[in-house]
Amino acid sequence: MRTAHRTCPICDAVCGLRIELGDDGRVLGVRGDGDDPFSKGYVCPKGASLGRIDEDPDRLRAPMVRTGDQWREVSWEEAFRRVEEGLTGVIDGYGRQAVAAYFGNPTFHTMAGIFYRGPLSQALGTTNLYSAGSIDQMPKQVACGLMFGNAMAIPVPDLDRTDHLLVIGANPAESHGSLCAAPDFPGRLRALRRRGGRIVVVDPRRTRTADLADEHVPVRPGTDALLLMAIVHTLFAEDLVTLRVGAEGLERLREHAAPFAPEAVAEVCGVPAGTIVRLARDLAAAPTAAVYTRVGTCTADFGTLTQYLVDAVNVLTGNLDRPGGVMFTRPATMEVPWGPRPFTSGRWRSRVRGLPEALGELPVATLVDEIETPGEGQVRALVSVAGNLVLSAPNGPRLGRALSGLDFMVCVDPYLNETTRHADVILPPPRMMQMPHYDLLLLTVTVRNYTRFSPPVLPLEPGQLSEAEIMARLALIAAGEGADADPARLDEAVVGELLEAGVRIPGSPFEGMEVAEARALLDGDSGPELMLDAMLRLGPYGLSLAELRKHPNGIDLGPLEPRLGEVLGTESGLVRLAPAELDGEIARLRERLAAPVPPMLLIGRRQLRSNNSWLHNVPALVGGSNRCTLHVHPDDVARLGLGTHARVASATGDLVVPVEPSDRIMPGVVSLPHGWGHAGSPQRTAARHPGVNANALTDDSVVDPLSGNAVFNGVPVSVAPAPAPGGEEPDTDAAPRRAALPPAA
Ligand SMILES: Nc1nc2c(c(=O)[nH]1)N[C@H]1C(S)=C(S)[C@@H](COP(=O)(O)OP(=O)(O)OC[C@H]3O[C@@H](n4cnc5c(=O)[nH]c(N)nc54)[C@H](O)[C@@H]3O)O[C@H]1N2
Ligand SMILES: Nc1nc2c(c(=O)[nH]1)N[C@H]1C(S)=C(S)[C@@H](COP(=O)(O)OP(=O)(O)OC[C@H]3O[C@@H](n4cnc5c(=O)[nH]c(N)nc54)[C@H](O)[C@@H]3O)O[C@H]1N2
Ligand code: SF4
Ligand SMILES: [Mo]
């Protein structure tokens, strides 16, 4: 037996884990790492199941190639040859624009995803680049880009010191937080109240986070921008504005907010005017306060405007960049600019719908249009890394049909699933335990400055490829260097680029050196480790990979400190309180005030023992509360005459789902979790708990105009009684057996 230490790679909370392994390398148990200074022993049910997730017998162990609807395992050589034929065939025939790439959620959680996404994208030479960003947080990044001139300047609530936390459209008690890395988020919320602080949750559902709060304010989905405008209005009207940072546009913001008095928005938002006034007064009166919002408002109408208003309120109440307010993390690695600075978006537009580029990407919501619409630049091939778009993109089933018509598709993914079944080639990465781990992105949004590196727990088996090598070889094929090119060449090129910047940074440990000299100093067993070592040495704490290896439980780098000046990228050097780019959305918001309210709106929800689309094959994580049901308020159940099942219909599709009456959801709103819809899956446990694909109901034609982000919340639907789908009801007690592979087309 031995014990290994590793950061959990599943969600954004970066918990440290202690992993007990048997002599055969099997995981005997996973516990929280009590010696991790940040997570202090916390672990959730998913982290505790990491061994079972990792050892899932249904994971792919060898590359797979499809002929018709037959899959067979092949050697890596054959798989890469197929990729070369497929990609070069499309590139030679139709040009590089005909190839698209998608980088899914786990690419934000792996070193390979973070370090090789750029080189692979560059090598593909297409602007048809997509990522989970535009079905998730792009509105936040665009809003920060417009306000702070820097799309990576994402303020996080100073959770451990704030006196007052207003949570809007996030449920960190179940999601464990997002764009705010805080292990044991629920414990931190409890501690906030124990020290006399106050928590208010604005959400159409009374969530587990609301249970931990002092107050829950139900709000109609998609109306948070109105609510926040009314808070801004009140701060001005009652003379409660305290500016503590240099800002421009204060008067213009006052004018913007003028039409949105609390009385004017109350009915649309479903929140009494008196409550809105009190929310504003409480924020202003608290010694320190932080407003935090996430997926509930990012993936809703007015996403970008709402994210901006949240930070506008943080600025107006004097809480930006001060302890107890919202602050900017100082990560251990050097800052790499992401997108132009000062920020600008819409540098190019999507071919079919003319949607704007943001951070070099186009919106996922329009990938299907780019595949289906004939003409110069039509997408005919897709490289998909760590994504399950059929279950996660708006109108996923339509996208699934489009994928089946592609000339070529390659996926880097450990599973044959609803999306990868459309591929021609699947390249499986090794198990999590076989990969080194560093949260390059999540460690830029921690609520304390903190760093931790995890070397691989288990070695690669002979003939197995690291995910970094898989991605490097894809990049080399895309660059025209062929299936046999040496991936180490790409690693050296990337490291060389980092060092070339490094030798020119005044005061850096490499200042004035030759690149080769600096390269000789680097330490690491693989490309990603060398890149990380360079970035740590060039970072603000002068750390190195060797230093991090000496601290396998992580290093606390202290509480957050004010650093607005370092992250601001605006031309004026001021926070922009009224960016002109938002004028159109503010005009649209005024129109929204007068628009009729649809009688029934669909929203999503996240489940504690789940993570998007890919954890439903682990027996310990499915069943119980983790079921794909429609939450409906009892008044609506009675009004609509619902029985055990309901038919939910939207502009794009309809589904029959089990009804779960719940007084936790407000009347006029129903909630269905996403990531389900595994009927016929070769993942045996998932196939026995299939659920339905919530994204059959979400509309790909509706996006947040400024970021192009998908709108998953506030979808108009009709709900009617339906009989249980006879015969299709899964037999969840049946013994596991290998389900038939779904046909690929
Ligand atoms: N209706 C609705 N839809 C939503 C959302 C919602 O709230 N409501 N949320 C959205 C959000 S926030 C997100 S982030 C997206 C997520 O959507 P996606 O980006 O599609 O991510 P996942 O659904 O998590 O699927 C992850 C895929 O990566 C694979 N995978 C797992 N680990 C690894 C690994 O180590 N390497 C590789 N290469 N692959 C791996 C899994 O097998 C799976 O196929 O969904 C979005 N979709
Ligand atoms: N257990 C678990 N953890 C996860 C994930 C998971 O699938 N399961 N996914 C991970 C990912 S990819 C992400 S991005 C994060 C997301 O983390 P969170 O942002 O915390 O995500 P949710 O739990 O979906 O919380 C969104 C909340 O918004 C509410 N809501 C919906 N519409 C509206 C609206 O219009 N206005 C307001 N005010 N509220 C609204 C919903 O009821 C829900 O409670 O979680 C991560 N962690
Ligand atoms: S909260 Fe997230 S990071 Fe922590 S153990 Fe659970 S899944 Fe892993
Ligand atoms: Mo996400």
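The values are calculated or read from the model by the stated rules, or taken from the named source; none is laboratory data. Predicted model, so just to flag it, every value in this text is computed and none were measured. Note: ideal-geometry Cβ built from the backbone for every residue, glycine included; neighbour counts use all protein chains shown. With ligands, DNA and RNA removed, areas are computed over all heavy atoms of the protein, side chains included. Shrake-Rupley method; radii C 1.70, N 1.55, O 1.52, S 1.80 Å.
Once the convex hull of all Cα atoms in the stretch 210-319 is built, its volume per residue stands at 104 Å³.
Rounded to the nearest whole angstrom, the semi-axes of the ellipsoid equivalent to the stretch 598-722, taken from the Cα gyration tensor as √(5λ), stand at 23, 19, 13, largest first. Arg322 sits among other residues whose Cβ lies under 9 Å from its own Cβ, and their net charge, with Lys and Arg +1 and Asp and Glu -1, is -1. Within the chain, antiparallel bridges make up roughly 50 percent of the DSSP beta bridges whose residues both belong there. Among the lysines, which fall within straight-line cross-link reach of Lys140, defined as a Cα-Cα distance under 30 Å, with same-chain neighbours fewer than 8 residues apart omitted? Excluding near neighbours in sequence, the set is Lys40, Lys46.
For the stretch 297-396, the equivalent ellipsoid derived from the Cα gyration tensor has semi-axes of 34, 17, 15 Å, listed largest first. The charge dipole of the chain, taken about the Cα centre with unit charges on the Cβ atoms of Lys, Arg (+1) and Asp, Glu (-1), comes to about 1600 debye, rounded to the nearest 20. In this structure the amide hydrogen of Val445, modeled in the peptide plane, comes within under 5 Å of the amide hydrogens of Ala181, none closer than 5 places in sequence on its chain. What is the distance in Å between the Cα centres of the stretch 647-692 and the stretch 456-515? Each part reduced to its Cα centre gives a spacing of 43 Å. With a cut-off of 11 Å between beta carbons, the residues surrounding Val74 carry a summed charge of +1, where Lys and Arg count +1 and Asp and Glu -1.
Full extension of the chain between Ala649 and Arg26 yields a length gain of 219.7 nm, computed as 0.36 nm times the residue separation minus the alpha carbon distance. Average accessible surface for the chain: 35 Å² per residue, computed with a 1.4 Å probe over protein heavy atoms with every protein chain in place.
Keeping the other protein chains in place, figure out the carbon and sulfur percent of the accessible area of the chain, with a 1.4 Å probe. Carbon and sulfur: 52 percent of the exposed surface of the chain. With R₀ fixed at 30 Å, the C-beta to C-beta distance from Asp556 to Arg2 puts the FRET efficiency at about 0.70. When peptides 8-19, 274-285 are sorted by average Cβ neighbour count within 10 Å, with the highest value leading, the order is 8-19, 274-285. Of Ile168, Leu389, Pro661, whose Cα points farthest to the positive end of the dipole of the chain (charges on the beta-carbon: +1 Lys, Arg; -1 Asp, Glu; origin at the Cα centre)? Positive-most Cα among the choices belongs to Pro661. Highest mean first, the peptides 22-28, 628-634 sorted by other C-beta atoms within 10 Å per residue fall in the order 628-634, 22-28. Ellipticity at 222 nm from helices only: DSSP H runs of n ≥ 4 in the chain, each -39500 (n - 2.57), divided by the residue count, give -8500 deg cm²/dmol.
If one computes the Cα centroid of the stretch 414-428 and of the stretch 99-119, what distance in Å separates the two points? The stretch 414-428 and the stretch 99-119 have Cα centres spaced 16 Å from each other.
Converting phi to 3J(HN,Hα) with the Karplus coefficients 6.51, -1.76 and 1.60 and the offset θ = phi - 60°, the stretch 612-619 yields 6, 9, 10, 10, 7, 9, 9, x Hz in sequence order, with x at every glycine or proline. A convex hull fitted around the alpha carbon atoms of the stretch 487-551 yields 71 Å³ per residue. Normalised radius of gyration (Cα atoms, divided by 2.2 N^0.38 Å) for the chain: 0.92.
What's the ranking of 359-371, 63-75 by average number of surrounding C-beta atoms within 10 Å, highest first?
For the peptides 359-371, 63-75, the packing ranking is 359-371, 63-75.
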